[in-house]
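Novice: I'd like to ask some things about the structure below.
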Amino acid sequence: MPLLQLDHVHVDFPLYTARGRSIKNRVLAQLGSKVRQKIEEHNQIATVHSLRDISVTLHDGDRLGLVGRNGAGKSTLLRVMSGIYEPVLGNLHVQGSLASITDMSMGMDMEATGYENIVLRGVFLGQSHGQARSRIPEIAEWTELGDALARPVRTYSTGMQVRLAFAVSTTIRPDILILDEMIGAGDAHFIEKARARLNDLVSSTSILVLASHSESVLRQFCNRALLMHDGQVLLDGSVEDVLAEYEKLP
Amino acid sequence: MRATELSTVTAGSRLSRSLRAAWIDAGMAISGWRIWTTLAWNDITQRYRRSMLGPFWLTLSTAIFVGALGWLYAGLMHMEIKNYLPFIAVGYVVWGLQSSFMGDAGNCFPSAEGYLKQVNISKIGVVLRMVLRNFIIFLHNAVVIVAVMLIFQLLPGPYFWLIIPSLLLNIWFGVALALPLGMICTRFRDLSQMIASLISVLFFVTPIFWNPATASKALVAVSEVNPFSSFIATFRDPLLGYPIHVHDWIVAITCSAVMSIVAAAFFVRFRSRIMYWV
């Protein structure tokens, strides 16, 4: 059974200044005690408490929406769930295959052709070159890119890039899917198609975590929501309750 | 305050957790070999894409450098070009491999930021991508060695097959050095520049264009404490049929082994911080 569990997860981000990033300053600070104090004041590395004491357990069938303002920690939480940032404290427990689509341009090599990017992204998702290549006809048809796929991606318009990235990202069928705010770019015709494709993908996964600012997207895809504020979970409940509470935030 | 209290509670299990996570990362590098090999290959094809010569531009510049320096120094040091040019060609190409590992180590993680922040991929794989890319470039440069040996009608020495274990040692050491170096350079961004200047100094104190057999005592002493002279010698001596010194092999194997332990310890300790540094 797929399972995604966070147990008292804390994440702190060090904020490095140019000084804090310099090994020269660090070494100088170790020499001479008089100078040392002065430099150390400069070198203090500030940390931002990005996530504080987050516990959440997701089972098969859970579709969790993350709600919160910019900077509330939604994206960081998604990256912790994806195994990208390791919690400074606390535990993450994952059972089942997991894929995250947090930034669609990931794995897009601007110099490479559309075809090559399809293969590259497939390899990142754990496919062999052959498996990745077998996706090409389907992606070519869905994106309506046709012969343009033989051209380097840097020659594409933004809309074309989004179409390709979206199609390539959504060919996977993981047990646990992590999505960050994705629909929005492209023309109306594409948004309709993208919604249908996303529906298809989401309904095939066992656990979904989705961060979004759009109430309609949250209502459509989620059956549970977390209200995040300042790195903490304020409320864990139904989508309606969380959205109502979100409205009340000062 | 709460955070610090918690950390002391979990401190006991922290080492075993770090060890397991490092082990998993190494496993991911093996099972996900397609990711780093594809990325390394992409790095190479990208160089081909904009120019037909691609990485052979590097070969060309290597050839020019070796040819010019060989001719110049053969004259200055009163050496026969037939003996000197092959010496410098092999030394310079192998040095190119080692120095590219060192020089590119710092940029491994920052340049992969786009991937690292989107998918959980092996951190060791990121280093292996750089090592493989530079090995492929080395193979391009090896054309210069072949050309020089053909021009001077040199036959490989009787133990020339030793260049295979020598290459493996060179690559092994490259990985073991680049992993911790890449991590430190990601944390301290001014270190890469320091390494760049260190590389150019190392070039002069490594027997690449001067032969320890004919050099002054001071230079010989320097070359003896400089492990890179041994790494280069393990390749150059068997290929060109020079006498083989067991000493060089012992130094190369010992350095690789020691560096591996350092790299492993470093990786276990700081692996989880890489993502916060990039």
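The values are calculated or read from the model by the stated rules, or taken from the named source; none is laboratory data. Model, not experiment: these values are computed from the prediction. FYI the Cβ positions are ideal-geometry reconstructions off the backbone, even for glycines, and counts take in every protein chain you see. When the accessible area is computed, the model is the full protein with side chains, heavy atoms only, and any ligands, DNA or RNA have been set aside. Shrake-Rupley method; radii C 1.70, N 1.55, O 1.52, S 1.80 Å.
Novice: Net charge within 14 Å of B:Leu128 by Cβ-Cβ distance, Lys/Arg positive one each and Asp/Glu negative one each, not counting B:Leu128 itself?
Specialist: That works out to +1.
Novice: In addition: When N counts the residues of segment A:101-144, how does its alpha-carbon radius of gyration compare numerically with 2.2 N^0.38 Å, as a ratio?
Specialist: The reported ratio for this selection is 1.09.
Novice: Further question: Near B:Lys82, which aspartates and glutamates are there with a Cα under 19 Å away, not counting those fewer than 8 places off in the same chain?
Specialist: B:Asp237
Novice: So for A:Lys24, A:Lys248, what's the accessible-area order with a 1.4 Å probe, most first?
Specialist: Output order, biggest surface exposure first: A:Lys248, A:Lys24.
Novice: At 1.4 Å probe size, put B:Leu155, A:Leu125 in order of accessible surface, largest to smallest.
Specialist: B:Leu155, A:Leu125
Novice: For segment B:121-202, what percent of Cα pairs sit more than 17 Å apart?
Specialist: 63 percent
Novice: Work out the P(r) tail for chain B: percent of alpha carbon pairs separated by more than 28 Å, whole number.
Specialist: 42 percent
Novice: In straight Cα distance, which aspartates and glutamates are under 20 Å from B:Lys123, not counting same-chain residues fewer than 8 positions off?
Specialist: Of all the aspartates and glutamates, those that pass the test against B:Lys123 - Cα under 20 Å, at least 8 places apart if same chain - are A:Glu86, A:Asp103, A:Asp109, B:Asp25, B:Asp43, B:Asp104, B:Glu113.
Novice: Put simply, what bits of segment A:71-116 lose 50 Å² or more of accessible area when the other protein chains are there, versus the chain on its own (1.4 Å probe)?
Specialist: For segment A:71-116, once contacts with the other chains are taken into account, A:Ile84, A:Tyr85, A:Glu86, A:Leu89, A:Met106, A:Glu111 lose 50 Å² or more.
Novice: So, one more: Each label point is 7 Å from the Cα along the Cα-to-Cβ direction; what then is the distance between the points at A:Thr17 and B:Ser51, in nm?
Specialist: 4.2 nm
Novice: Just how much of A:Glu215 is accessible, in Å², when a 1.4 Å probe is used and the result is rounded to the nearest 10?
Specialist: It works out to around 70 Å².
Novice: Using a 1.4 Å probe on the protein heavy atoms only, what accessible surface does B:Arg187 show? Give it in Å² to the nearest 10.
Specialist: About 20 Å², ignoring ligands and nucleic acids.
Novice: Semi-axes of the equivalent ellipsoid for segment B:239-278, please: Cα gyration tensor eigenvalues, times 5, square-rooted, ordered largest first, whole Å.
Specialist: So the equivalent ellipsoid measures 35, 12, 4 Å along its semi-axes.
Novice: Excluding residues on the same chain fewer than 8 positions from A:Lys248, give the aspartates and glutamates whose Cα lies under 17 Å from its Cα.
Specialist: Output for A:Lys248: A:Glu215, A:Asp230, A:Asp236, A:Glu240.
Novice: How much mean residue ellipticity at 222 nm does chain B get from its helices, if each DSSP H run of length 4 or more adds -39500 (n - 2.57) and you divide by all residues, to the nearest 500 deg cm²/dmol?
Specialist: Rounded to the nearest 500, it is -27000 deg cm²/dmol.
Novice: What per residue convex hull volume, in Å³, do the alpha-carbon atoms of segment B:10-108 yield?
Specialist: Cα convex hull per residue, to the nearest whole number: 176 Å³.
Novice: Right, here's the next one. Which three semi-axes in whole Å describe the equivalent ellipsoid of the protein assembly as shown, each the square root of 5 times a Cα gyration tensor eigenvalue, listed largest first?
Specialist: In descending order, the three semi-axes are 50, 30, 19 Å.
Novice: Counting protein heavy atoms only and a 1.4 angstrom probe, how many square angstrom of accessible surface do chains B and A bury in total, to the nearest 100?
Specialist: Counting both chains, the buried surface is close to 3500 Å².
Novice: From the gyration tensor of the Cα coordinates in segment B:138-273, what semi-axes in whole Å does the equivalent ellipsoid have, largest first, with each one equal to sqrt(5λ)?
Specialist: So the equivalent ellipsoid measures 30, 17, 16 Å along its semi-axes.
Novice: Determine the shape class of segment A:117-224: with a ≥ b ≥ c the square roots of the Cα gyration tensor eigenvalues, call it rounded for a/c under 1.5, and otherwise prolate if a/b is greater than b/c, oblate otherwise.
Specialist: Oblate, because a/c is 1.5 or more while a/b does not exceed b/c.
Novice: If you count only protein heavy atoms and use a 1.4 Å probe, how large is the accessible surface of A:Met160, to the nearest 10 Å²?
Specialist: Around 40 Å² of this residue is reachable by solvent.
Novice: Measure nothing fancy, just the Cα-based angle from helix B:123-151's long axis to the longest principal axis of chain B, in degrees from 0 to 90, nearest 10.
Specialist: That works out to roughly 10 degrees.
Novice: In segment B:229-278, which residues become less accessible by 20 Å² or more once every protein chain is in place, relative to the chain on its own, using a 1.4 Å probe?
Specialist: B:Arg271, B:Ser272, B:Arg273, B:Met275, B:Tyr276, B:Trp277
Novice: What does the C-alpha gyration tensor say about the overall shape of chain A? Classify as rounded when a/c is under 1.5, otherwise prolate if a/b is larger than b/c, or oblate.
Specialist: Oblate shape, in that a/c is at least 1.5 and b/c is the bigger or equal ratio.
Novice: Per residue, what accessible area does chain A have, given a 1.4 Å probe and all protein chains present, in Å²?
Specialist: Solvent-accessible surface per residue comes out at 46 Å².
Novice: Something else about it: Tell me the mean residue ellipticity at 222 nm calculated for chain A from its helices only (DSSP H runs of n ≥ 4, each -39500 (n - 2.57), averaged over every residue, nearest 500).
Specialist: Calculated at 222 nm, the ellipticity per residue is -11500 deg cm²/dmol.
Novice: Looking only at B:Pro86, B:Pro55, B:Pro180, which one moves most when chain B is put into a Gaussian network model with springs between Cα atoms under 10 Å?
Specialist: Its mean-square fluctuation being the largest, the pick is B:Pro55.
Novice: Indicate the gyration tensor shape class of segment B:141-184 (rounded, prolate or oblate), computed on the Cα atoms with a ≥ b ≥ c the square roots of the eigenvalues: a/c under 1.5 is rounded; otherwise a/b larger than b/c is prolate and the rest oblate.
Specialist: Oblate shape, in that a/c is at least 1.5 and b/c is the bigger or equal ratio.
Novice: Probe radius 1.4 Å, ligands and nucleic acids left out: which of A:Tyr16, A:Tyr115, A:Tyr85 has the largest accessible area, and how do the rest follow?
Specialist: Per-residue accessible area, sorted high to low, gives A:Tyr115, A:Tyr16, A:Tyr85.
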